[in-house]
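The values are calculated or read from the model by the stated rules, or taken from the named source; none is laboratory data. Everything quoted here is computed from the prediction, not taken from an experiment. Every residue, glycine as well, gets a Cβ built from its backbone with ideal geometry; the counts of neighbours run over all protein chains shown. For accessibility, only protein heavy atoms count, side chains too; no ligands or nucleic acids. Shrake-Rupley method; radii C 1.70, N 1.55, O 1.52, S 1.80 Å.
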Amino acid sequence: MRTLFDLLDTDSGREFLAERGLFTDVDEFRAALRPPVRDALTAAAGLPTGAPLVHIGQQVCADYAPWTLTKFVAGAQLAGYDDAAPVLLWHDMYSAEAERYGQRLVLPSGSKLRGIWFAPRAAGGSEPRFVPVSPATLDQAFRELGGWLEQAVKDRPKPDRAAARERLAALSEAVHAEKPETLGEVDAAFATFLLRDRLGVSLPAVTLSAVLEQGAFTESLEAYLERREDVVAVFNEAVAELVAQDVDPQVRPLPEDHLPLHYSCPTDGTRLRLSLVDGAAAATCRCGTGYRFDLGGGLGELGATGRWSPDVSLPVHCNDAASGWVVGRSTALYGLVLNAVIDRVLGGRPIPGWIPPDLSSAPRPGSEPPTLLVDHLLGP
């Protein structure tokens, strides 16, 4: 089936995307922006009501590969226009092991790769917001990073070695100044510094956990839950429609017991997928503890725990709180599936998406180009 890259390679593919609200032309994208229906994200980002907010959602990590950086660069480009207000939406509610740079740095070391860990491997099933990182662990990570850097630049001229050490020192100072206590905060400190100092990207940013604590998406989630059976039916129809058009939807059909929710076990931190069991949200953790929450016509008991998080349906709940969004290689296509849910089930108007202009030219996943961190430390 055709991937996003395949569609971008042809005029007909780009037309297919544009007809469905996914634009490669920034002017067409900007022309499609409308004020948000709700001001939840604009308020959280400190923007005025009605601002044309464009969210750039991304799992918060300590480092990024080039194909991910295209989203941030696109956001910086949008910041140059008066009719778009880009905002970073840091996703800190995912299993840390799901992202390569979620709980470690990955560095080239000869013909192999070396990992410098901020958290034990066993914590990989937990959300970054719940994984503690001690000052001693952070200090040790920077010592290891310093040792790696010395080896990486040992054959370079003295001024180049000195410049590399200065870049590392500036990174360390910036991260330590944030006094991070969790993996999510460590990741955010690394990402914020590297995006600003290496790419010149400095945008308003909010974390998903903070936005959800403010109840920003509660209304949308409860509407989704109320129409859950219809959501499952339309979602699966939209997946089948894309497959029939030889387009990879990037998601699988939803099961009948689908819920758009996860819960983090307070015993071992594991992020659990909740399923509908006899009218309640339920899951059993690998530690053996079973959980069951009466949703009470909405989030109910689960909402009061402070340990729930949304699933891949998140763009549905962001839809009314934004004017548009910058999509990635996966979100672009499963966003088409979610747009069907917004339109056919929830009665909303899907917001436009912009495909970063550099996405097609960036190194493809599977290659090993320098990451943002490596490029920053070793580059000029």
Over the range 219-310, with every protein chain in place, what whole percent of the accessible area is carbon and sulfur at 1.4 Å, could you tell me? 45
Amide N proximity, the range 305-341 versus residue 243 label position 7 Å along Cα-to-Cβ, cut-off under 20 Å: 312-313, 330-341
Order 70, 267, most accessible first, counting only protein heavy atoms with a 1.4 angstrom probe. 267, 70
How much area per residue is accessible in the chain when the probe is 1.4 Å and only protein heavy atoms are counted (Å²)? 43
Which option, [x] 166; [y] 183; [z] 145, is the value of volume of the Cα convex hull per residue in Å³ that was calculated from these coordinates? [z]
Could you report the accessible area of residue 90 in Å², rounded to 10, computed with a 1.4 Å probe on the protein chains as they sit in the structure? 10
I want to verify the translational diffusion coefficient of the range 222-290 in µm²/s; compute it with Stokes-Einstein, Rh as the Kirkwood radius over Cα pairs, at 10 °C and 1.306 mPa s. 116
Straight-line reach from residue 158: which lysines have a Cα under 29 Å away, not including same-chain ones fewer than 8 places off? 112
List residues of the range 339-357, by number, whose backbone nitrogen lies under 15 Å from a label position 7 Å along Cα→C-beta of residue 227. 339-351
Could you tell me the convex hull volume per residue, in Å³, taken over the Cα atoms of the range 1-146? 186
Zone of residue 214 (label point 7 Å along Cα→Cβ, backbone N under 17 Å): which residues in the range 86-128? 86-93
At residue 31 and residue 273, where each label point lies 7 Å from the Cα along Cα→Cβ, what is the point-to-point distance in nanometres? 4.1
Taking each pair of different alpha-carbon atoms in the range 294-380 once, compute 1/r for the pair, average those values, and report the inverse of that mean as the Kirkwood hydrodynamic radius in Å to one decimal. 16.2
